[in-house]
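Throughout, read-outs are computed from the coordinates displayed, never taken from laboratory work. Keep in mind that this is a model prediction, so the values were computed, not measured. Cβ placement follows ideal geometry from the backbone for every residue including glycine, while neighbour counts extend to all protein chains displayed.
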Amino acid sequence: MIKTVLFILIITVLIHFSISYLQTKNNVMDIEKYSPISTLNVKETLLRKSKYPFIDVHNHQFDMPIKNLDNLVFEMDSLNMAFMVNLSGFRGLYLKKSLDNINETAPTRFGLFVNIDFEKIDEPDFKSNTLKIIRDAVNDGVIGLKVYKSLGLTDKDSNGNRISVNDPRLDPIWDLCGKLNIPVLIHTGEPEPFWLDKNKYNERWLELRQKPGRYRGDSTKFPTFKTLMHEQHDIFRKNPETIFINAHMGWMANDLNALSDHLDEHKNVMTEIGAVLAELGRQPNRAREFLIKYKNRILFGKDSYNISEYFTYFRVLETDDEYFDYYRKRHAHWKMYGLSLPDSVLKSLYYENALKLFPSINKNLFLK
């Protein structure tokens, strides 16, 4: 047995080094390692802060109850971020502790959204409890409701059935948010290529290789992309008095004609650019035209918090730089181009539109 194991190990090592040798000899390289340095000589504008103070409406600070907010404010100031919306406020004690930390440390710099547990949908008191959670949260200072992508995708009721985004049992929630005048930031679905075949033609192939759990093409587990979008758009139509923020540009940043039609049809919908900047940066002419036309409907959002990644947002939005890298290859193996947005559009995107949605934000933060 020992001799057999040793033999297998030796053969394995030999095969490994043989493959490595052949790859080196034949110049075979994995796409994840290929990082060519461009010889193109073009202007490089490195921005470390935005031209105008901005409101990040799509951020996640999962440790908000215990976070050192003084340190976070220091980082925000370095970026010129005047206000951060933490969408992950959750509910109950977690929400209370988060609000306490904000009120005690930096009451003018943060806003919280409340989150709902939709998988309790079959409990007899789901409606009354959920509406009470939202009302109490707003009374305590919460400024919106965040709906995670699990609704429609993975959330299930007590019978194990998928809860659709437009499940009629949820209608009172959207109605209440309209009456309370708080927006609903809703993330539905994923980029459409997550449903497509994982082959050489799929733009998201690298992401699906690195993050295989993001693949949604198994029809036994997930609804189709079109089904999810239909369900989401259905609640927009049925609740015209409620303001919805369609997260991640509604996964239509790669088809701005479709997004234009979407915004034209749903006057109660706004959107934000979190995690889809790479789509805008590769179509500078069309994206610039779109953002100028719909400047009153678009908000600034980032999603995951990483200081250096904001620099790419500023560069795409503010400069006319050409052919520069995005910060994550699996999201964009292509290059970025600056949109050089007019000041009036930058101001709308950075803070003016958000101030209209969130009147409690201190406007003095934007008089710099």
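What angle, in degrees between 0 and 90 and rounded to the nearest 10, separates the Cα long axis of helix 225-238 from the longest principal axis of the Cα atoms of the chain?
10
Treat each spin label as a single point 7 Å out from the Cα along the C-beta direction, and report the LYS238 to SER38 distance in nm.
If labels sit at LYS238 and SER38, their model points lie 4.7 nm apart.
Does region 315-358 come out rounded, prolate or oblate, given a ≥ b ≥ c as the square roots of the eigenvalues of its C-alpha gyration tensor, rounded meaning a/c under 1.5 and, failing that, prolate meaning a/b above b/c?
Because a/c hits 1.5 or more and a/b fails to exceed b/c, region 315-358 counts as oblate.
Rounded to the nearest 5, what % of the DSSP beta bridges within the chain are antiparallel ones?
Of those bridges, close to 10 percent are antiparallel.
Would you mind putting 299-306, 272-279 in packing order, based on average other-beta-carbon counts within 10 Å, highest first?
The packing order, highest mean first, is 272-279, 299-306.
Quick one: helix 307-318 against the long Cα principal axis of the chain, what's the angle to the nearest 10°, folded into 0 to 90?
Approximately 80 degrees, to the nearest 10.
Given a 10 angstrom Cα cut-off, can you work out which residue in ASP125, ASP30, ASP70 is the most mobile in a GNM of the chain?
ASP30
Describe numerically, in nm with one decimal, the distance between label points set 7 Å from Cα along Cα→Cβ at LYS132 and at LEU14.
Placing both labels 7 Å beyond Cα along the Cβ direction yields 7.3 nm.
Whole-Hz ³J(HN,Hα) for each residue in region 260-270, computed from phi via Karplus 6.51 cos²θ - 1.76 cosθ + 1.60 with θ = phi - 60°, x for glycine and proline: what do you get?
Running phi through 6.51 cos²θ - 1.76 cosθ + 1.60 with θ = phi - 60° gives 4, 4, 4, 5, 5, 6, 10, 5, 8, 10, 10 Hz.
Taking the chain as the reference, fit the longest principal axis to its C-alpha atoms, fit the long axis of helix 284-293 to the helix C-alpha atoms, and give the angle between the two in degrees, 0 to 90, nearest 10.
It works out to around 10 degrees.
Explain nothing, just the number: dipole magnitude of the chain about its Cα centre with +1 on each Lys and Arg Cβ and -1 on each Asp and Glu Cβ, in debye rounded to the nearest 20. Don't skip to the end; give the middle numbers.
Working: 50 positive and 47 negative charges, 127 e Å.
About 620 debye.
Taking 7 Å along the Cα-to-C-beta vector as the label spot, tell me the ASN68-ASN161 distance in nanometres, rounded to one decimal.
Going from the ASN68 label point to the ASN161 one covers 5.1 nm.
How large is ³J(HN,Hα) for each residue in region 327-333, as worked out from phi by the Karplus curve 6.51 cos²θ - 1.76 cosθ + 1.60 (θ = phi - 60°), to whole Hz, x for Gly and Pro?
Listing the rounded values in order: 8, 9, 4, 5, 8, 7, 8 Hz.
Subtracting the Cα-Cα distance from 0.36 nm times the residue separation, let me have the gained length for MET29 to ASN364 in nm, one decimal.
Gain on extension, MET29 to ASN364, equals 115.2 nm.
Relative contact order, percent, of region 40-366 when contacts are C-alpha pairs under 8 Å separated by at least 6 residues? Please list the in-between numbers first.
Working: 569 pairs, mean separation 63.5, N = 327.
Once normalised by length, the contact order is 19 percent.
For the chain, what is the calculated [θ] at 222 nm in deg cm²/dmol (nearest 500), taking -39500 (n - 2.57) for each run of four or more DSSP H residues and dividing by its residue count?
-11500 deg cm²/dmol
From the square roots a ≥ b ≥ c of the eigenvalues of the alpha-carbon gyration tensor of region 40-366, which class results: rounded (a/c under 1.5), prolate (a/b over b/c), or oblate?
oblate
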